[in-house]
Amino acid sequence: MGRVYNFSAGPAVLPEEVLKEAAEEMLDYKGTGMSVMEMSHRSKAYEEIIQTAEKDLRELMNIPDNYKVLFLQGGASQQFAMIPMNLMKNKVADYIITGQWAKKAYQEAQIYGKANAIASSADKTFSYIPDCSDLPISEDADYVYICENNTIYGTKFKTLPNTKGKTLVADVSSCFLSEPVDVTKYGVIYGGVQKNIGPAGVVIVIIREDLITEDTLPGTPTMLKYKIHADNASLYNTPPAYGIYICGKVFQWLKRKGGLEAMKKYNEEKAKILYDFLDESKMFQGTVRKEDRSLMNVPFVTGNEELDAKFVKEAKAAGFENLKGHRTVGGMRASIYNAMPKEGVEALVAFMKKFEAENTK
Ligand SMILES: *Cc1c(COP(=O)(O)O)cnc(C)c1O
């Protein structure tokens, strides 16, 4: 049994080269006689792993010196609480609701202060990104929050919202390192790594230094303070050490591929193959407004639930895994992250064409 084309939304496909390297180093990491899993996080060898990972990420994203890079635990969902606990000085924040992950973050923030939903695309099942050029940003908002790429619905912010000078906080879990970003436009960029970077269990937080203060909400646990992790270079306690090691290998893989400019070009080519077919097919349709389409997550439907189910079943038998759409959208979703090769998307489209021909009278 060989490897399948894995279109999972997350945990998701990783570069084969990285998995092979990790396998080779499994029993004896670079002459240490042990696996990275068995190694002290205070050891010389591990210090080099985490420091190199940070250095490579800084290089890939061109992260300015006045931003900290933190490797934390608890997934993206833990940040839903950590962000208000650390940033809500006035106890006011504005949220743009473009899907379930943004909504969950918004609901969590309500525990800690006044969270305002200043825009939403719930009226059309989150199939578009609302116009964010002139929103009613609260005068005393501590930050404006977005989920930049909506994993479930397949939408992406192509222009960042006009925050009218307020700090922008973005969940980039499902578009992390898929294209270049201007880090200076954000106060906080964060994401769970299991979509586009590595194994579940690591969340990366890139945060502007002036936002890291002692002044957190009363009752904030030590482990949920950005400052403690920043002061200890992500080694306050035992970090998700093996996961960070794999992330580091993916950063090196991305550098070998030519960095984020090259990734963007490759991702655009890949997504175009699928979107072009969806636009010409009589059977399959995309569900997202064209200008808001994600390069990473591509939902589509036939308009007939039975036919959708038949497609997912036959695709699986043909080696295309995890194409079933999220339960709230139905239909199908192909997640085509960085590590999905172009051949995988070409093979999927060829399969869809064949399925359409066989099921059209
Ligand atoms: C998957 C996902 C999450 C949740 O991540 P966890 O690590 O499971 O908490 C949050 N936001 C986005 C955009 C996601 O895709």
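The values are calculated or read from the model by the stated rules, or taken from the named source; none is laboratory data. Predicted model only: the values in this text are computed from it and were never measured. FYI the Cβ positions are ideal-geometry reconstructions off the backbone, even for glycines, and counts take in every protein chain you see. SASA here: full protein model, heavy atoms, side chains in, ligands and nucleic acids out. Shrake-Rupley method; radii C 1.70, N 1.55, O 1.52, S 1.80 Å.
Observations on the structure shown:
- Yes/no for Ala119 being among the hydrophobic types (A, V, I, L, M, F, W, C), in a loop (DSSP other than H, G, I, E, B), more than 16 Å from the ligand (Cβ to nearest atom) and farther than 25 Å from Gly74 by Cα: no
- Some residue of region 94-105 being over 24 Å from Gly330 (Cα atoms), in contact (Cβ under 8 Å) with a residue 60 or more places away in the chain and open to solvent by less than 60 Å² (accessible area, probe 1.4 Å): yes
- Taking the conditions (1) touching a Phe, Trp or Tyr at 6+ places or on another chain (Cβ under 6 Å); (2) more than 22 Å from Gly330 (Cα to Cα); (3) crowded, with 18+ Cβ neighbours inside 10 Å in turn, Ala117 satisfies each one other than (3).
- Among (1) within 16 Å of the ligand (Cβ to nearest atom); (2) outside any helix (DSSP H, G or I), the one test that Ala105 misses: (2)
- When Thr125 is tested against (1) open to solvent by 10 Å² or more (accessible area, probe 1.4 Å); (2) over 22 Å from Arg333 (Cα atoms), exactly one condition is not met: (2).
- Residues within region 334-361 that are among the aromatic types (Phe, Trp, Tyr) and surrounded by fewer than 13 Cβ atoms within 10 Å (Cβ to Cβ), tallied: 0
- Here Pro84 meets the list (1) within 16 Å of the ligand (Cβ to nearest atom); (2) assigned to a loop (DSSP other than H, G, I, E, B) almost entirely, failing just condition (2).
- Any hit, region 58-75, residues being in contact with a Ser or Thr (Cβ under 8 Å, 6 or more places away or on another chain) and assigned to a loop (DSSP other than H, G, I, E, B): yes
Okay, residues lined up against (1) aromatic (Phe, Trp, Tyr); (2) open to solvent by 40 Å² or more (accessible area, probe 1.4 Å); (3) modelled with pLDDT under 95:
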{"site": "Asn196", "(1), (2), (3)": "no, no, no"}
{"site": "Val203", "(1), (2), (3)": "no, no, no"}
{"site": "Ile206", "(1), (2), (3)": "no, no, no"}
{"site": "Asp210", "(1), (2), (3)": "no, yes, no"}
{"site": "Gly219", "(1), (2), (3)": "no, yes, no"}
{"site": "Tyr226", "(1), (2), (3)": "yes, no, no"}
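- Taken over region 152-174, the criterion of being within 16 Å of the ligand (Cβ to nearest atom) and on the phi > 0 side of the Ramachandran plot is satisfied by Gly154 alone.
- Whichever residue in region 137-151 is out of contact with any Asp or Glu (no Cβ under 8 Å at 6 or more places or on another chain) and farther than 26 Å from Glu179 by Cα and, among such residues, is nearest to the ligand (Cβ to nearest atom): Asp142
- Candidate set from region 229-249 (those that are open to solvent by less than 20 Å² (accessible area, probe 1.4 Å) and not in a helix (DSSP H, G or I)); member that is nearest to Ile206 (Cα to Cα): Ser234
- Leu19 meets the conditions (1) on the phi < 0 side of the Ramachandran plot; (2) surrounded by fewer than 18 Cβ atoms within 10 Å (Cβ to Cβ); (3) not in a helix (DSSP H, G or I) in every case but one. The failed one is (3).
Matching residues to (1) out of contact with any Ser or Thr (no Cβ under 7 Å at 6 or more places or on another chain); (2) under 28 Å from Pro299 (Cα atoms); (3) part of a helix (DSSP H, G or I):
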{"site": "Gly2", "(1), (2), (3)": "yes, yes, no"}
{"site": "Ser8", "(1), (2), (3)": "no, yes, no"}
{"site": "Ala12", "(1), (2), (3)": "no, yes, no"}
{"site": "Ala23", "(1), (2), (3)": "yes, no, yes"}
{"site": "Leu27", "(1), (2), (3)": "no, no, no"}
{"site": "Thr32", "(1), (2), (3)": "yes, no, no"}
{"site": "Met37", "(1), (2), (3)": "yes, no, yes"}
{"site": "Arg42", "(1), (2), (3)": "yes, no, no"}
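- In region 289-314, residue nearest to Thr159 (Cα to Cα) [restricted to those that are out of contact with any helix residue (DSSP H, G or I) (no Cβ under 7 Å at 6 or more places or on another chain), in contact (Cβ under 8 Å) with a residue 60 or more places away in the chain and open to solvent by 20 Å² or more (accessible area, probe 1.4 Å)]: Glu291
- As a summary of the residue check, Gly113 satisfies the conditions (1) away from the ligand (no atom under 16 Å from the Cβ); (2) of a type outside the set (Ser, Thr, Tyr); (3) over 22 Å from Tyr226 (Cα atoms) except for the one numbered (3).
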